[in-house]
């Protein structure tokens, strides 16, 4: 994999052709499509005080749960993947409509509603409000759509556009761009756990740069009796912490988008075909696995 020194541009074709992206893509596709390939994982959900477990990647998707907020009760209720998908389709339609028809106030409200769905309003609402009050919100999201739809990642352009990338904004971008994964702390934890497993299986002493995805801490009370593990780093196999670095987050997000798209192209998820549905299903499986890595056998 090559990143040009002059403009710090990561090229999709070169990224996907690199040795360890090719290797990990094959590794991941086997977990997605081989019905005999086990991925055992378990943890205790702190809020619910219940045990969660899976024995395969598909099983993790089947056990997806995220409670739909009461403010969306007119769209859907419950915590199933289907209920949440209805809400996300509704939010996507709003975002696209308000950008197309240049309705800044409605776009602001829709963007905040996405944050409400994902529980990421705090810290992000002031930025969205500022985009609105400075009359930049329409162009901001148009720029984001264009930037993230390219087959390259230009660090200088990202900085010039002053784009924001974190667990909250990745949810908005995922609704505005095809094959864009919601890269939050849970998805990052599960993806890096799989990368760690790949590294161990191949006797690698450090994580290859093309698989060096950033991780993020869980949002939790510092006084909590049990702290959720969302960083699988071990000895010399280390993953970088985001630490509010939007460029680091965006780069990891884009690499994950490309890698997962490539992996799904090898047969979809559970041989159910290709496309955005499989993309979301895999994202949901990773989301569930990444809640807590404390008891992962891969870390033992």
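The values are calculated or read from the model by the stated rules, or taken from the named source; none is laboratory data. All values reported here derive from a predicted model rather than from experimental measurement. Every residue, glycine among them, receives a Cβ derived from its backbone with ideal geometry; neighbour counts consider all protein chains shown.
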May I ask you to list the residues in segment 112-134 that are over 18 Å from residue 68 (Cβ atoms) and in a helix (DSSP H, G or I)?
125, 126, 127, 128, 129, 130, 131, 132, 133
Quick one: would you say residue 57 is closer than 24 Å to residue 253 by Cα and either at pLDDT 95 or above or over 20 Å from the mean Cα position of the chain (by Cα) (or both)?
no
So, restricting to helices (runs of 4 or more DSSP H) that lie completely within segment 135-243, which ones have at least 2 residues that are free of Cβ contacts under 8 Å to residues at least 60 places away in the same chain and over 13 Å from the mean Cα position of the chain (by Cα)?
137-148, 155-161
Closer than 24 Å to residue 152 by Cβ and surrounded by fewer than 17 Cβ atoms within 10 Å (Cβ to Cβ), is that true of residue 17?
yes
Residues in segment 269-288: is at least one surrounded by 16 or more Cβ atoms within 10 Å (Cβ to Cβ), over 18 Å from the mean Cα position of the chain (by Cα) and not in a helix (DSSP H, G or I)?
yes
So, in segment 40-55, exactly how many residues are in contact with a helix residue (DSSP H, G or I) (Cβ under 8 Å, 6 or more places away or on another chain) and either outside any strand (DSSP E or B) or crowded, with 19+ Cβ neighbours inside 10 Å (or both)?
3
What are the residues in segment 248-262 that are closer than 19 Å to residue 27 by Cβ and either under 15 Å from the mean Cα position of the chain (by Cα) or at pLDDT below 75 (or both), if any?
252, 255, 256, 257, 258, 259, 260, 261
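To keep it simple, each residue is scored yes or no on (1) surrounded by 16 or more Cβ atoms within 10 Å (Cβ to Cβ); (2) more than 27 Å from residue 156 (Cβ to Cβ).
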{"position": "209", "(1), (2)": "no, no"}
{"position": "217", "(1), (2)": "no, yes"}
{"position": "220", "(1), (2)": "no, yes"}
{"position": "225", "(1), (2)": "no, yes"}
{"position": "228", "(1), (2)": "yes, yes"}
{"position": "241", "(1), (2)": "no, no"}
